[in-house]
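Since the structure comes first, as structure tokens, the remarks are kept for the end.
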Amino acid sequence: MNWRGIARAAGGATAASVVVSGLGSLGAATYFARKVLTPDGEGPTDHVVHDLTADEVTVSRSVETEVPGRYGMWDEGRTAHLRMGSIRTLTESTVTRELLGVDFGDFTPGPARFNPYFYAESPDPALGLATEEVTIEAEVGDLPAWLVPAPAPTDRWAVLVHGRGALRFECVRAVRALHDAGLSVLIPAYRNDDDAPPGPDGRYTLGLSEWRDVEEAIRYAIRGGARTVTLGGWSMGGAICMQVLAQSDLAWRVSGVFLDCPVLDWGDVLRHHAHVNNVPTPVALLARAVMGRHSLRWLAGVSEPLDVAQTDWVRRADELTHPMLVMHSTADDFVPIGPSRAVAAARPDLVVFEEWDVARHCKLWNTDPHRWEDAVRAFVTRTG
């Protein structure tokens, strides 16, 4: 999720627009709103693999590659992928890490793309778990999904929801723990994914329409024999899961939801990125109005107004009815931890809160997979 690019672009648009303050602010707000709601597409090739040996890989140093944990790297054309582990040495410009394996392709030094998901394949080659390619019928068209059947017949399923601009690979990290706990696991695409149909306007809607695709995934699970479904969501995937709980007629089938660095208040996320990138507060507020007002929605390119207030689960905490596991890191500079803490404090009867440090956005598993998997396994065992 390229939040820095979004907010920096909005800041630049603001500076360029101040000649006529009223129209300039509206133009900057429109630009900001469109950047937030427009799918990013493929991530940048902004790293370099400098050297590769039998047991080590040396990559360019960045705020991503200098953090402890397990990560991946694609080559420039995404024709090869490697996995790397513990840090061996650091210089001012490079990081040498343990090479855990080359998954596919002939990886050679050169331009590369950081893979925060660690895995870059479906659960079958990545984890050695039998995986079916299935199709979910939704209002926008057919959605591809991976289905990992439980090791034994079960009526307990999990549906996993990736974040904004992410890929289904983001969810593979959770599959082993859920499979070991006896659940069948379904990982669907949703509207505007690279491998899924676009929504009516080709824009993200902050979870306010995407939830309907996840509802269809739950319906698919029920047809497959599910009695209960556990939802799991990363970043905007968390916001999508929360809208399922709030709006779906199938919410009663959900036994619990676990969330990794979730967006529990889009208003807070927008304010945060406006602040750190010097976007004036009036512009940020106007961007929210551009998204949400019926008369202005055409500026944002959305077919229906987006009421950001519906995504504020701090304010709506008294409406929560489902058990939740919320995991978030103090080092998350994309989605601030504050709303997660606040929801947990407001609803200790429902929310188990796991606070992390060091891990960047949606990379909790990467820094400590045993802790992450133990927390998820205990949660799904308890919620049944």
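The values are calculated or read from the model by the stated rules, or taken from the named source; none is laboratory data. On a predicted model such as this, the values are computed, not experimentally measured, just so you know. So basically every Cβ, Gly included, is an ideal-geometry build from the backbone, and we count neighbours across all protein chains shown.
Any idea which of V95, V140, V172 is in contact with a strand residue (DSSP E or B) (Cβ under 6 Å, 6 or more places away or on another chain) and modelled with pLDDT of 95 or more?
V95
When both residues are 6+ apart or on different chains and their Cβ atoms are under 7 Å apart, which pairs have a first residue that lies in the range 269-295 and is within 18 Å of A331 (Cα to Cα), and a second that is modelled with pLDDT of 95 or more?
Once the first residue is within 18 Å of A331 (Cα to Cα) and sits in the range 269-295, its partners that are modelled with pLDDT of 95 or more give V269/V263; V269/V335; H272/P336.
Of G256, G202, G238, G224, which residue is out of contact with any helix residue (DSSP H, G or I) (no Cβ under 8 Å at 6 or more places or on another chain) and farther than 16 Å from I187 by Cα?
Just one listed residue meets the conditions, G202.
For the range 61-77, enumerate the residues that are of a type outside the set (D, E), in contact with a strand residue (DSSP E or B) (Cβ under 7 Å, 6 or more places away or on another chain) and free of Cβ contacts under 8 Å to residues at least 40 places away in the same chain. Spell out how you get there, then give the answer.
Of all residues in the range 61-77, those of a type outside the set (D, E) come to 61-63, 65, 67-74, 77.
Those still in the list that are in contact with a strand residue (DSSP E or B) (Cβ under 7 Å, 6 or more places away or on another chain) too: 61-62, 65, 68, 70-74.
Within the range 61-77, R61 is the sole residue that qualifies.
List every residue pair whose Cβ atoms sit under 6 Å apart, with the two residues 6 or more apart in sequence or on different chains, where the first one lies in the range 99-117 and is surrounded by 14 or more Cβ atoms within 10 Å (Cβ to Cβ) and the second, anywhere, is aromatic (F, W, Y).
Note: pairs meeting the criteria are R113/W74; N115/W74; Y117/F169.
Out of all the residues in the range 22-32, is one or more at pLDDT 90 or above and surrounded by fewer than 17 Cβ atoms within 10 Å (Cβ to Cβ)?
No, that holds for no residue.
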